[in-house]
Structures are given as C-alpha cells and as structure tokens.
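Here, each number is a calculation from the coordinates, and none is a lab measurement. Every value quoted in this text rests on a predicted model; they were computed, and no experiment measured them. All Cβ positions, glycine included, derive from the backbone under ideal geometry; neighbour counts span all protein chains shown.
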Amino acid sequence: MPLITIKTTIAGKEESLSEYLCDWPDCPNPAKQVVGVIRELRAVAMVCEVHSEFIRTPRRNDAA
C-alpha cells in the first residue's frame with residue numbers, strides 16, 4: 001500500500017500529513033481497515049471503508 005506524505009510550512013513551522021492509500025485497484029481513498037499481514041515479508045494489505053464493507057458483505061452465487 002502506498003504511503004502518501006504531504007509537507008507544508010505554516011507560520012514558519014513545517015507540518016506533514018501521512019496517510020496510506022487503499023490497496024484496491026484504482027481507489028484513491030485513505031486506507032482504514034487491515035485485511036492481512038505477512039510478517040516475514042513485512043507486507044500488509046489495507047482497504048478503505050467502502051471496500052472493507054464490500055469484503056465483509058456475504059455474496060450469493062446466483063448461478064445455481
């Protein structure tokens with residue numbers, strides 16, 4: 001997941017804001033929910049609130 005950092009100077013003091021972006025393809029939203037972690041690889045997958053709800057919602061197979 002990409003970490004985005006924005007740095008600016010306000011009243012002579014440097015400020016920075018950092019957020020992780022959602023790992024869902026083409027989603028620019030900030031990540032809010034951890035989906036999984038692989039410690040050995042130091043890898044983590046995170047998604048935004050919208051895609052977190054999509055993952056949690058059970059889906060039916062209508063092909064039956």
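Structural descriptor for the chain: relative contact order 24 percent, calculated from alpha carbon pairs under 8 angstrom and at least 6 residues apart. Each peptide in 10-18, 25-33, 46-54 was scored by the mean count of other Cβ atoms within 10 Å over its residues; highest first, the order is 46-54, 25-33, 10-18.
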